[in-house]
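Undergrad: Supplied in structure tokens, the structure appears directly below.
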Amino acid sequence: MVTSFQVERKAKAPKLIHIYSTITNLMEREEKCIENVRISENEVRDILEQRTQEELTTELDVSIYDTARNDTAKKRREEIERKKRDEEARREEMELDYLAPFLARIGDPGQMTSEIAHQLRDDCLDDLKQRLIDMANLIQGRFEKETQQLQWKQNWYQQNQTTMTKEEEEEYVSYCSEAMFRIHILEERLIRHKELAPQKYVALESRLRSDNRLAEFLN
């Protein structure tokens, strides 16, 4: 539902085609704004990654005759490289150990069996499915709340527009604009989530089938 009003009530009412054109133009500008924000976020992310890489690879030119400083620089580089390897190993371990919480639930069995493998697969998939449902419900709930609040505000305006001050009208317009923006973002998030949810489920199922601990029993 779209509600329009005129500050000058004696002025000629705008045609619906003009209102539609204005709304379309605002939506296009909104999408362009979102696109620009995403571009800016990517640029900032690239800059931060570049800075991090520069800090890891920065080397000072030290004279070959300065033994002490050469040894210090070498140790510093080795320490940086060690920390980098440790961090990469930790990430790989976390990725590989995604079964850990589900194994813990059944007492960390020392030997894998077909029954355990299928139970782990089902538990992992059920857990992901529930998390996807919870996220969809969360986004849907926020979307419905914003929509209801906007509808309430629009009804309030219909009942009070004849006695509203200019400041109140401006506040109403501002609120509607911001509310419609939030609703649009939530709607886009919900659509995107529904598109990605099946892909995430299939990806996890494939990953479980290829896991060395489960592959023998799931394929």
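The values are calculated or read from the model by the stated rules, or taken from the named source; none is laboratory data. Owing to the predicted nature of the structure, the values given are computational and were not obtained by experimental measurement. Please note: Cβ atoms are built from the backbone with ideal geometry, for glycine as well, and neighbour counts cover all protein chains shown. Keep in mind that these areas ignore ligands, DNA and RNA; they rest on the heavy atoms of the full protein, side chains included. Shrake-Rupley method; radii C 1.70, N 1.55, O 1.52, S 1.80 Å.
Undergrad: Using only the Cα atoms of region 166-219, what do you get for the radius of gyration and for Dmax, in Å?
TA: That works out to 22.4, 73 Å for Rg and Dmax.
Undergrad: Arrange the residues 108, 211, 123, 86 by how much accessible surface each exposes, largest first, with a 1.4 angstrom probe. Mind dumping the intermediate values first?
TA: Details: 108 100, 211 20, 123 40, 86 80 Å².
So the residues, ranked largest to smallest area, are 108, 86, 123, 211.
Undergrad: Put 210, 174 in order of accessible area, largest first, 1.4 Å probe: what do you get? Please report the intermediate quantities before stating the final value.
TA: Numbers: 210 80, 174 55 Å².
The ordering from most to least exposed comes out as 210, 174.
Undergrad: List the residues of region 175-190 whose backbone N lies under 20 Å from a point placed 7 Å from the Cα of residue 31 along the Cα-to-Cβ direction.
TA: It comes to 177-190, nothing else.
Undergrad: While we're looking at this one, here's another question. Between residue 210 and residue 76, take the C-beta separation as r, use R0 = 45 Å, and let me know the FRET efficiency to the nearest 0.05.
TA: Details: r = 40 Å, r/R0 = 0.88.
The value I calculate is 0.70.
Undergrad: If you don't mind, another one. As an exercise, use a Förster radius of 22 Å and the Cβ-Cβ distance of residue 152 and residue 173 to find the FRET efficiency, rounded to the nearest 0.05. Before the final figure, lay out each step's value.
TA: Values: r = 16 Å, r/R0 = 0.73.
The formula returns an efficiency of 0.85 here.
Undergrad: Sticking with this one: Based on alpha-carbon centroids, what's the gap between region 173-219 and region 99-137 in Å, whole number please?
TA: Cα centres, region 173-219 to region 99-137: 19 Å.
Undergrad: Just want to confirm a number: the relative contact order over region 131-219, from Cα pairs under 8 angstrom separated by 6+ residues, in percent.
TA: Taking the mean separation of contacting Cα pairs over the length of region 131-219, I get 38 percent.
Undergrad: Tell me the Kirkwood hydrodynamic radius of region 79-219 in angstroms, computed as one over the mean inverse distance between distinct C-alpha pairs.
TA: Numbers: mean 1/r = 0.0511 Å⁻¹.
About 19.6 Å for region 79-219.
Undergrad: Just grab the label-to-label distance for residue 127 and residue 142, each label 7 Å out from Cα along the Cβ direction, in nm (one decimal).
TA: Here the answer is 2.4 nm between the modelled labels.
Undergrad: Here's another thing I want to ask about it. Per residue, how much accessible area does region 75-219 have with a 1.4 Å probe, in Å²? Show your work: numbers first, answer last.
TA: On the way: 10290 Å² over 145 residues.
Normalised by residue count, the accessible surface of region 75-219 is 71 Å².
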